[in-house]
Amino acid sequence: MKQLLILITVTLIFSTVSKAESPYPVRGLCIAAPSVDGVDEFCKFIETDLAPAGLNVLILRIDHQYQFKSRPELVGQNPYSEADVKKLVKVCKENNIRLMPQINLFGHQSWATRVGKLLEVYPQFDETPNVKFPEKYEWPNADGLYCKSYCPLHPEVHDVVFDLVDEICDVFETDAYHAGLDEVFYIGHEQCPRCYGKDKAELFAGEVTKIRNHLKEKNRELWIWGDRLIDGKTTGIGLWEGSYNNTHRAIDLIPKDVVICDWHYERPDPTAVLFAAKGLRVVTCPWRTPAIAVEQEKNMRSYISGATKEMKPKYLGMVQTVWNSAEGFMKSYRGQAEPGKEDKSAECFKELAKVWNK
């Protein structure tokens, strides 16, 4: 009995020390949902590769790739069944990984020369109905078209998108949801009779707040990308990773319990400090350059070690982003990709895992 008590005590001490030595609470990955045929392989990958690497947060960009019962008209191609999602839920629970879905809200309602599912079915939600898609997409272009947005002030849009949000969160059995909200270029546009002339920062903050309040009703947390909250001109960060259309002032208007995914891909810009100083929790998000990912990870640990007791809890950690397919990421991670077709985000993730497993 005495030996058992000693063993339990030593185990508890070791667990406490290990937890204390973890550099930060979030060790995450944001990736597109694999094809339906690849769900079983991806579940195995979570079990055999991602969990041992130290992953504890998985953001799955599923968008309309689910058999929605609440809005069957918005089901996309090759959709997951509820059973497919439950496989992911099960393996994540078994490995203590917090699983959250993403359906892009507000921006990213189109891509290149085609409209997304929401605006295809509900064209009346389009913020810029007179901006037409070219036969061949190029950037920059005269219309400023990158991706379409829905009108945040349309009286019916939230009835529709919140049905999707609620259903996908329920099936994922999640306490958090990623709404995207990055690269919103069309906002307060002159073609929109509801939004034109309104303060763009207030429009953006209003949409963030509306989504957050809806999620809060079921004790769910909102995560978003941080680029629209950074002054891209003053900082020199630019119009992609920062805002040129004055939405950055929304940083002072949104609820403080929104989690910010602060992505920078070409330089390790230290804007996590900005978000933390504004009272927002933040994760730093690298992509495809291992050297930059390493520097960003070092910065995150530096922010935490040098922070005041008030600021320290704001620095949540790291989330690796993947913008190629899940299948390509898995092949690259396992060293099975064809020469010249490797997904560099897999190398970034491996660099992060080295720190997580020290």
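Taken together, the values in this text are just the output of simple stated rules run on the coordinates, not laboratory data. Just so it is clear, the model here is predicted, and its values are computed rather than measured. FYI the Cβ positions are ideal-geometry reconstructions off the backbone, even for glycines, and counts take in every protein chain you see.
Summary table below
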| quantity | calculated |
| --- | --- |
| Subset of the range 115-147 (residues that are within 22 Å of Y196 (Cβ to Cβ), surrounded by 15 or more Cβ atoms within 10 Å (Cβ to Cβ) and among the basic types (K, R)) | none |
| Residues satisfying the stated conditions in the range 339-358, i.e. touching a helix residue (DSSP H, G or I) at 6+ places or on another chain (Cβ under 8 Å), part of a helix (DSSP H, G or I) and not aliphatic (A, V, I, L, M) | K344, S345, E347, C348, F349, K350, E351, W356 |
| Enumeration of residues in the range 36-50 that are within 24 Å of Y66 (Cβ to Cβ) and without any contact (Cβ under 8 Å) to a residue 60 or more places away in the chain | V36, D37, V39, D40, C43, K44, I46, E47, L50 |
| Matching entry among E190, E207 (being at negative phi, among the charged types (D, E, K, R) and either touching a helix residue (DSSP H, G or I) at 6+ places or on another chain (Cβ under 6 Å) or surrounded by fewer than 23 Cβ atoms within 10 Å (Cβ to Cβ) (or both)) | E190 |
| All positions within the range 311-338 that are assigned to a loop (DSSP other than H, G, I, E, B) and under 20 Å from W356 (Cβ atoms) | V322, R334, G335 |
| F133 being free of Cβ contacts under 8 Å to residues at least 40 places away in the same chain, of a type outside the set (D, E, K, R) and touching a Lys or Arg at 6+ places or on another chain (Cβ under 8 Å) | yes |
| Extreme residue, nearest to L280 (Cα to Cα), among residues of the range 313-343 that are loosely packed, with under 14 Cβ neighbours inside 10 Å and basic (K, R) | R334 |
| Unique residue being among the basic types (K, R) and buried (at least 24 other Cβ atoms within 10 Å of the Cβ) when the list is R249, R228, R267 | R228 |
